[in-house]
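The values are calculated or read from the model by the stated rules, or taken from the named source; none is laboratory data. Worth saying up front: this structure is predicted, and the values here are computed from it rather than measured. Every residue, glycine as well, gets a Cβ built from its backbone with ideal geometry; the counts of neighbours run over all protein chains shown. The protein model used for the area step is the full one, side chains on, heavy atoms only, and it has no ligands, DNA or RNA in it. Shrake-Rupley method; radii C 1.70, N 1.55, O 1.52, S 1.80 Å.
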Amino acid sequence: MSNNFKEAFEKTRLAGSIAAKALDEVAKIVKPGTSTDSIDKLCYEFINDNGAYSAPLFYRGFPKSCCTSVNHVVCHGIPSGKILKDGDILNVDVTAFKNGWHGDTSRTFEIGEVSVKAKKLVKTTFEAMMKAIKIVKDDIHLGDIGATIQNHVEAAGFSVVQDFCGHGIGEHFHQEPNVLHYGKKGTGEKIKAGMIFTIEPMINIGKFETKILNDGWTAVTKDKSLSAQFEHTIGVTKDSCEIFTLSNI
Ligand code: MF3
Ligand code: CO
Ligand code: CO
């Protein structure tokens, strides 16, 4: 790997570890009675205390430091006074900006006891992301990633959101390429060692269609079915990839 790759990987590793640690802190406070604003406050403070910035804050006018997406919210939920209740599922998405580089990660948390169906959705979404990460290496096609996710998710009877995708990441929060979470093996651009991007499938119990609420951000499932998401930032190597946003718990 060239020196340039090495520097990019080192910087993303640091930003990614701060983002992952922020989620490890979030994991300790997500329970019935917690407000999504208190999660935002924790993310803001934790990331600042680690000498980084929360990239979502003021990004294209986004008003908060993380995204909190509850139940049928697919992504980009805005933290508010909303109180979590037993049986909810909640995705928290954080992005740390450190020394000019980004690390982006999200997890879906189960609040108290959730339904069997919700548990299956969350598990299937995590598995789909990890299965895709496991096939990543130099010279595969982007479509191989999409196909791996889509096959796993549809076999479980769920659907893959098409309106949002993973993305290249580095000195910019969102850059080329678009990483679709559906597709056909052997299609699309080839990925190369040194590339850094996210894989962040959003999976619905019902249909895949989404719509944006009047706040201009919150994306929800059109049929109001539950939606889950996980996200890692990864760097491609010759034979596999490095996950920069692994949890430490
Ligand atoms: N973190 C999200 C992603 O995975 C992007 C959030 S943009 C924001 O790409 F403005 F909503 F924060
Ligand atoms: Co992302
Ligand atoms: Co994200």
³J(HN,Hα) across the stretch 69-80 via Karplus (A = 6.51, B = -1.76, C = 1.60, θ = phi - 60°), whole Hz, x for Gly/Pro? 10, 9, 6, 7, 7, 7, 6, 6, x, 9, x, 7
Ignoring ligands, DNA and RNA, what accessible area per residue does the chain give at 1.4 Å, in Å²? 44 Å²
Around Glu171: net Lys/Arg minus Asp/Glu count, Cβ-Cβ under 12 Å: +1
Along each of the three principal axes of the Cα atoms of the stretch 79-134, give the extent in whole Å, ordering the values from largest to smallest. 41, 36, 11
Relative contact order (percent, whole number), the chain, Cα cutoff 8 Å, 6+ residue spacing: 23 percent
Positive minus negative residues near Val160 (Lys, Arg vs Asp, Glu; Cβ under 12 Å): -3
Rounded to one decimal in nm, the spacing of the 7 Å Cα→Cβ label points at Glu25 and Phe173 is 1.9 nm
How would you rank 92-100, 130-138, highest first, on the average number of other Cβ atoms within 10 Å across their residues? 92-100, 130-138
Please identify the helices of the chain, taking whole runs of DSSP H, that span at least 30 Å along their own axis as judged from the Cα atoms and have a mean Kyte-Doolittle score of -1.0 or higher. 3-29
From the alpha carbon gyration tensor of the stretch 143-214, can you work out the equivalent ellipsoid semi-axes (sqrt of 5 times each eigenvalue) and give them in Å, largest to smallest? 22, 17, 8
Nearest 0.05, what FRET efficiency do Asp215 and Lys41 give at R0 = 22 Å with Cβ-Cβ as r? 0.65
Using 0.36 nm times the number of residues separating Lys131 and Leu246, minus their current alpha carbon distance, what extension gain do you get? 39.9 nm
For a quick size check, give me the Cα extents of the chain along its three principal axes, largest first, whole Å. 49, 43, 34
